[in-house]
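The values are calculated or read from the model by the stated rules, or taken from the named source; none is laboratory data. This one's a predicted model, so the numbers in the text were calculated from it and none came from an experiment. Virtual Cβ from ideal backbone geometry, glycine too; neighbours counted across all protein chains shown. In case anyone asks, the SASA skips ligands and DNA or RNA and just uses the protein heavy atoms, side chains included. Shrake-Rupley method; radii C 1.70, N 1.55, O 1.52, S 1.80 Å.
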Amino acid sequence: MYNKYLEIFIEVADTGSFSKAAEKLYISSTAIMKQMNLMEQELGLSLLIRTNHGVSLTEAGKEIYKDAKMIIDYTNRSIKKAKKLQNKNTHFVTIGTSLICPCKPLLDIWYQINDRYPDFKIKILPFEENHTNILNTLNSNGTPLDFIVSPCDSLEWLKNFDFLKLGDYKFCIAVPISHPLAKKDSISFEDLSGEKVTAITTGDSKQNQDILNKIKTICKDVEIFDAPFFYDIDVFNRCEESGSFLVTLECWKDVHPAFKTIPLSSGETIPYGILYSKTPTDDASKFLNIIKEVVNK
């Protein structure tokens with residue numbers, strides 16, 4: 001909104017040197033001199049007195065210098081006010097993402113309709129994958145994240161957060177790629193007999209408990225290892241080290257390259273969707289209403 005020559009001119013006047021101004025502005029002193037020569041030519045004024053000892057201002061230069069700072073300050077304040085007005089009509093939403101809780105399912109929906117809602121600005125933030133962090137980041141209005149996309153049937157989570165279902169994920173078994181069963185397109189519970197299987201043995205997920213009960217009932221001589229209620233990359237690493245299968249979900253098929261993720265032939269699923277605070281921000285509430293309209297069509 002103002003001629004950029006002014007900023008260079010002020011720096012030259014303040015330092016009394018083309019070379020010192022160049023150091024502060026991270027450009028060459030030759031470029032500084034050229035810019036000042038062009039400024040004087042365009043204005044038809046002599047602004048600088050150049051000597052072997054440095055640079056000083058002419059009377060005309062002093063007048064320009066006095067007003068230049070005011071012009072820059074006024075312009076910056078004007079831009080700041082304009083941005084505030086613009087932001088007043090802009091809705092900001094933060095969505096968490098991680099290896100285990102990727103936000104892509106929600107963004108796939110949003111990018112189908114976002115051109116109709118130019119006032120919404122979406123910020124994607126990575127977050128640490130652990131149960132405690134989920135509770136903290138979504139706990140109340142004003143926390144870093146508005147939404148996390150995750151599988152969820154946890155009674156604890158549903159007690160603390162609201163949940164908008166987007167779909168269902170199939171339960172799968174992550175099988176080491178070197179194992180003969182890795183050649184199969186689906187796996188039955190009987191296939192797990194005689195194997196080591198890592199699964200969630202504690203928690204408040206009905207679907208996970210049903211899977212565990214079927215493994216114990218149907219599989220013969222199966223060795224079950226406990227997995228934490230909230231998976232992270234370490235769970236996959238431990239399974240690789242021990243040669244264990246892992247009860248997993250189709251959304252995690254690319255988490256670890258040492259495993260092939262194969263659906264259970266019995267077709268068990270778990271709901272996935274948006275987890276969010278019971279006291280969402282106004283912007284988050286408006287965003288949710290938009291997504292609900294799409295999901296409920």
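For this structure, a couple of remarks:
- Whole-Å semi-axes of the ellipsoid equivalent to the range 209-297 (Cα gyration tensor, √5λ, descending): 34, 17, 13
- When DSSP beta bridges are restricted to pairs lying wholly in the chain, around 60% turn out antiparallel.
- Distant-in-sequence amide H partners of T269 (H built 1.01 Å from N, under 5 Å): F171
- In degrees, nearest ten, helix 59-88 long axis to first principal axis of the chain (Cα): 20 degrees
- Here the Karplus curve 6.51 cos²θ - 1.76 cosθ + 1.60, taken at θ = phi - 60°, turns the phi angles of the range 18-27 into couplings of 5, 5, 5, 4, 4, 4, 6, 9, 6, 9 Hz, with x standing for Gly and Pro.
- Over the chain, DSSP H runs of length four or greater, each weighted -39,500 (n - 2.57), average out per residue to a 222 nm ellipticity of -13000 deg cm²/dmol.
- Listed residues M70, M33, M39 arranged by accessible area, highest first, probe 1.4 Å: M70, M33, M39
- When E42, E223 are compared by accessible area of protein heavy atoms, the largest-first order is E42, E223, using a 1.4 Å probe.
- Remark on T58: its backbone amide H falls under 5 Å from those of L48, I49, a criterion applied only to residues 5 or more positions apart or on other chains, H modelled at 1.01 Å from N.
- Accessible solvent surface per residue of the chain, calculated while the other protein chains remain in place, 1.4 angstrom probe, Å²: 55 Å²
- Heavy-atom SASA rank of I71, I200 (probe 1.4 Å, accessible area, largest first): I71, I200
- Nonlocal amide H pairs with I187, under 5 Å, H built at 1.01 Å: L264, S265
- Solvent-accessible area, 1.4 Å probe, carbon plus sulfur percent, for the chain: 52 percent
- Taking every Cα-Cα distance in the range 128-281 and sorting them into 10 Å bins starting at zero, the pair-distance distribution P(r) comes out as 11, 39, 32, 14, 3, 0 percent.
- With N the number of residues in the chain, Rg(Cα) / (2.2 N^0.38 Å) evaluates to 1.61.
- The eigenvalues of the Cα gyration tensor, multiplied by 5 and square-rooted, give the range 254-297 an equivalent ellipsoid with semi-axes of 33, 15, 10 Å from largest to smallest.
- Loop trypsin sites (Lys or Arg not before Pro), the range 10-47, which have at most 13 other Cβ atoms in a 10 Å radius of their Cβ (DSSP): none
- With θ taken as phi - 60° and the Karplus curve 6.51 cos²θ - 1.76 cosθ + 1.60 applied, the whole-hertz 3J(HN,Hα) list for the range 238-246 is 5, 5, 5, 5, 8, x, 8, 6, 9 Hz, x standing for glycine and proline.
- With θ taken as phi - 60° and the Karplus curve 6.51 cos²θ - 1.76 cosθ + 1.60 applied, the whole-hertz 3J(HN,Hα) list for the range 258-270 is 7, 10, 10, 8, 10, x, 6, 5, 6, x, 5, 9, 9 Hz, x standing for glycine and proline.
- Rh by Kirkwood over Cα pairs, then Stokes-Einstein D for the range 21-99 at 1.002 mPa s and 20 °C, µm²/s: 131 µm²/s
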